[in-house]
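Colleague: Following this message is one structure expressed as C-alpha cells.
Quick note: the coordinates plus some simple rules give every number you see, no bench work behind them. Everything numeric in this text was worked out from a predicted model, so none of it was measured. Here Cβ is always computed from backbone atoms with ideal geometry, including for glycine, and neighbour counts include all displayed protein chains.
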Amino acid sequence: MRADPKTPRFYFSLRSPYSWLAHRDLMARYPEVAAAVEWRPFFEPDAVSERLLTEAGGTFPYTAMSRAKHLYVLQDVNRLAKSREIALSWPVDRDPVWEIPHLAYLVARREGRGPQYVAAAYRARWEEGRDICDRRVVADIGAQLGLDPAELAGASDDPALRAEGVRVLLDVCADGVFGVPFFVHGFTRFWGLDRLPDFVRHLRERELTAPALPQPVGAVGLGRRAVDDGHAGGCG
C-alpha cells in the first residue's frame, strides 16, 4: 500500500549503524514520535528483488562505498556509541541477503509486533554482533517475541512477502529516500541521525506527535554496496 503523505514516516535499515543509533535516540528521547510515525524498512535488494523492482518501474538508489568512507564510518560510529554509553559489537557480514531480516519485519508488523522486532533485531546485530541474515538468528528473534520462528525465518521465500517488499522499495523511490535514517512528512524530508531533532521539532510544531506511550527501549556491517553516505549522519 502506498504511503499516505500525511503520515510521518521513519525509514530505517537494520543494516545501518546510523539507523540503529537513530532508533535508540528515537525510543529513549522521543517515544511520542516513535508512536506517531509509520516505520518503513529500507533494504538493498538481492537479484530477485532487484529484477522485480525493475519490472515494476523502480530503481534502488545506491553508490559504492569507498574504503576511506568505510574506515570513517567505523571510527564515527564507535565515537557516537561511546558518547551514548552504548556497548557496540561490530557484526561481520558474509554474503548477506537483506530480505531475510527485513521481510521478517513485515511479518512482525502484521502481527502487531513491528517495533519490538526492530528493537530485537538491532540489539542482536549491533550489541551482540550476531548475523541477522542468518535464518536461525531471525527464528530466535521470532521465538523471543512469541511469533512463529519458521514464518519469520522463511519470510524471504514467501512470494507474497517478496511482492510486498517490492512495494516497500517502490515507496523508497517515490519518497526520494537515498540513505538512512530518513524521515518524511509530506514534502518535507530529513536525512541522517543528526536531523532527528529537526524532524521531531517539525512534527511537534504541527501537533502530529502522539501522547507518550511505553515503548520497548531496545537497541534498534558494512558490505559491498551502500547507499549515499556522504556525511556522518546518514548511511546505508
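Colleague: How many nm is it between the label spots at Gln144 and Asp46, if each spot is 7 Å from the Cα in line with the beta carbon?
Modeller: It is 2.3 nm.
Colleague: Quote the Stokes-Einstein diffusion coefficient, in whole µm² s⁻¹, for segment 9-205, based on the Kirkwood radius over alpha carbon pairs, a temperature of 10 °C and a viscosity of 1.306 mPa s.
Modeller: Rounded, D is 92 µm²/s.
Colleague: Once amide H atoms are placed 1.01 Å from N in the peptide plane, what residues at a sequence separation of 5 or more from Phe12, or on another chain, have their amide H within under 5 Å of its amide H?
Modeller: HN-HN under 5 Å from Phe12: Arg40, Phe42.
Colleague: Going highest first, how would you order 123-134, 143-154 by mean Cβ packing within 10 Å?
Modeller: Highest to lowest by the protection proxy: 123-134, 143-154.
Colleague: So, by mean Cβ neighbours within 10 angstrom, what's the order for 113-120, 98-105 with the highest one leading?
Modeller: Final packing ranking: 98-105, 113-120.
Colleague: Restricting to DSSP loop positions (anything but H, G, I, E, B) with no more than 15 other Cβ atoms inside 10 Å of their own Cβ, which GluC sites (Glu not before Pro) remain in segment 1-97?
Modeller: Glu85
Colleague: Ok, one more. Placing unit charges on C-beta atoms (Lys and Arg positive, Asp and Glu negative, everything else neutral), compute the dipole magnitude of the chain about its Cα centre in debye, rounded to 20.
Modeller: Dipole of the chain, to the nearest 20 debye: 500 debye.
Colleague: Using the beta-carbon distance between Arg167 and Ala87 and R0 = 25 Å, what value does 1/(1 + (r/R0)^6) give for FRET efficiency, to the nearest 0.05?
Modeller: Given R0 = 25 Å and the Cβ-Cβ separation, E is 0.10.
Colleague: How many percent of DSSP beta bridges within the chain run antiparallel, rounded to 5?
Modeller: Of all bridge pairs located within the chain, approximately 70 percent are antiparallel.
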